[in-house]
1. Of the residues that sit in segment B:219-265 and are among the aliphatic types (A, V, I, L, M), part of a helix (DSSP H, G or I) and closer than 20 Å to residue B:45 by Cα, which one is most open to solvent (accessible area, probe 1.4 Å)?
2. Looking only at residues in segment B:156-203 that are among the charged types (D, E, K, R) and within 14 Å of chain A (Cβ to nearest Cβ), which one is farthest from residue B:112 (Cα to Cα)?
3. Would you mind stating whether residue A:261 is open to solvent by 10 Å² or more (accessible area, probe 1.4 Å) and assigned to a loop (DSSP other than H, G, I, E, B)?
4. Among the residues of segment A:278-293, count how many are more than 12 Å from residue A:90 (Cα to Cα) and touching a residue at least 12 places away in the same chain (Cβ under 8 Å).
5. Scan segment A:229-257 residue by residue and report those that are within 14 Å of another protein chain (Cβ to nearest Cβ) and among the aromatic types (Phe, Trp, Tyr).
6. Among the residues of segment A:227-250, is any touching a Gly at 6+ places or on another chain (Cβ under 7 Å), open to solvent by less than 10 Å² (accessible area, probe 1.4 Å), at pLDDT 90 or above and not in a helix (DSSP H, G or I)?
7. Can you tell me how many residues within segment B:88-141 are out of contact with any strand residue (DSSP E or B) (no Cβ under 6 Å at 6 or more places or on another chain), polar (S, T, N, Q) and facing chain A (nearest Cβ under 10 Å)?
8. Given (1) at pLDDT below 90; (2) surrounded by 13 or more Cβ atoms within 10 Å (Cβ to Cβ), where does residue A:115 come up short, assuming only one miss?
Amino acid sequence: MSDALVPAVPPDTARPRDTDPPPQAAAAPAETTSTADARSAQRVIPLRHPGRWIVSVGVLVLVAQIVHGLATNPFYQWDRFQYWFARPVLMNGLVITLEVTAYSALLGLAGGIVLALARLSRSPVLRAISWVYVWLFRSVPLIVVLLFLYNFSALYRTLSVGVPFGPAFWHFDESKLATDMVIAVVGLSLNEAAYAAEVVRAGILSVDQGQHEAAAALGLPRRYQFARIVFPQALRAIVPSYVNQLIGLVKGTSLVFYVSLLDLFGSVQSMGSTYPGDIVPLLLVATVWYVILTSVVSVVQFYVERHYSRGALRTLPPTPVQRLRHGLSTLIVRVRKETAS
Amino acid sequence: MSVLNPELDSPVDADTVPVAVEVHDVHKWYGAHRVLDGIDLTVAPGEVTAIIGPSGSGKSTLLRVINHLEQPQLGHVSLGGEPVGVRWHRGRLKELSERQILAQRGRIGFVFQNFNLFPHLTVLDNVAAAPVATGQLRKPEAQRWARELLDRVGMGEKAAAYPRQLSGGQQQRVAIARALALRPGVILFDEPTSALDPELVGEVLAVIKDLAASGTTLVIVTHEIGFAREVADRVVFMDGGRILEQGSPAEVLDQPRHPRTREFLSRVL
């Protein structure tokens, strides 16, 4: 910030602060006034930041202008936004988005845990396979995976379970099995698992070696060691990264439009081509819904993180509700004091 | 050892049988570095053995070999005559499966320098975890047993606390209660007071002293020479991966025969 801005508001015009000496000091009896004066002379006057105030005002003006523009520019057609916001055709899309997200998130996380355990196992074969999987699916764009799966039935008409190069025991008809939904969920899960694997692996590695040793020294069964001792502690590191991943997934589901699944974005897109004049309000509807979904995920994240920080922190941070309640109660106490005096 | 009996309210050590520990010619090396260089040691049931020596002398590694957290390349350890982590197969030692090793560890308590309590579990659950996880007790019984053990180390009032809310000395006392939960026949202590503030050392040593008096076999790696003198039946001096001298505290600490022992004691006393 430029120093030239500083004289614009002379420091002596700055409003008094609550850090200034209390007024009681002046009202004190005569013989103690001198000591009170001496003490207030000792009180450090905080540095004023007039430049900070000017910049804040400037930014607030800008924000107000943007809001004003959003609200009054006829281009956004807020009446059409209202019309489209909860239309059944878009709600169906929203449900599809939620379904695809939920299935892919669960399958992706499960796959990620398996891949991470394989990567951390003592078997060189499992380690290599896990590494190659992650390398491959992090390298290939999601849209390519989805389109490839979409055309999969042309490559393999039937899927069968059996001995490689030997007899098959069980046949699937590809075209009946692979609905658009299945293709979308499989594609997203394959992709998601690769990223989740790294998130989970990082979490497991973040657990202190002493915890593994203590669990082993107590003779806890291996499954118990992982499920009750190591993984819950790893979750503290996993949750923030995985939620990041999940938010990417919520928005990534918009790609399933390309495998002809009408999710939220897909239905907005198809309505937009039917009603070309409404494309802007339709995109706004999609934006607002994605923002709502992400916000819900963020709120859930706060509480999940709080749950898994038990024991890691001496005292848990207050929830927003608790903070609000505390803020209100202190405000009420303050107002009562002020009105009483 | 049957813990699944109805006599849970009986005195704590009712069915804990102290076990002998025998270390047979154990060698362990990392590359060219010899950490343990032919260790032979016999600890009688109920005996309290203190292992002293300069850092890097292999004391902690020996302790970790005894409960098979580390495998020796040569030699083996046996507990009450049964090899730990290995079995005899056609005249050779063969490694046991992990499940079998984990089962054996229930007979060996281990107390770490850094406590290594499970931070996400309450004090009570830390102690109750092992009996539940190994299927020896059901949860309510395990918790009752855990409370009994916590009372014994003077931590009964902190059962609901989380480890990070406790002082170092309190954490170490909980860790001792946790090590007792499976009624081990021998308890190994790896420098149990080295991570503690000086004023907290006493409370932990008092608990160990109490255990020593109850007749459990204890092997304690320690820097507390005064404590070793007071509690140990036998003091073992290690240096360079070897046992240079062992005997009663009076012999080893007051009339050391080996010059390295004399040198070490003159530096720490």
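The values are calculated or read from the model by the stated rules, or taken from the named source; none is laboratory data. Owing to the predicted nature of the structure, the values given are computational and were not obtained by experimental measurement. Cβ atoms come from the backbone with ideal geometry, glycine included; neighbour counts cover every protein chain shown. Please note that ligands, DNA and RNA were not included when accessible areas were found on the heavy atoms of the full protein model with its side chains. Shrake-Rupley method; radii C 1.70, N 1.55, O 1.52, S 1.80 Å.
1. In this case the residue turns out to be B:231.
2. B:158
3. Yes, satisfied.
4. Number satisfying all stated conditions: 7.
5. First, pick out the residues of segment A:229-257 that are within 14 Å of another protein chain (Cβ to nearest Cβ): A:229-239.
Listed by number, the list holds a single entry, A:231.
6. Checking segment A:227-250: not a single residue is touching a Gly at 6+ places or on another chain (Cβ under 7 Å), open to solvent by less than 10 Å² (accessible area, probe 1.4 Å), at pLDDT 90 or above and not in a helix (DSSP H, G or I).
7. Counting residues in segment B:88-141 that are out of contact with any strand residue (DSSP E or B) (no Cβ under 6 Å at 6 or more places or on another chain), polar (S, T, N, Q) and facing chain A (nearest Cβ under 10 Å) gives 6.
8. The failed condition is (1).
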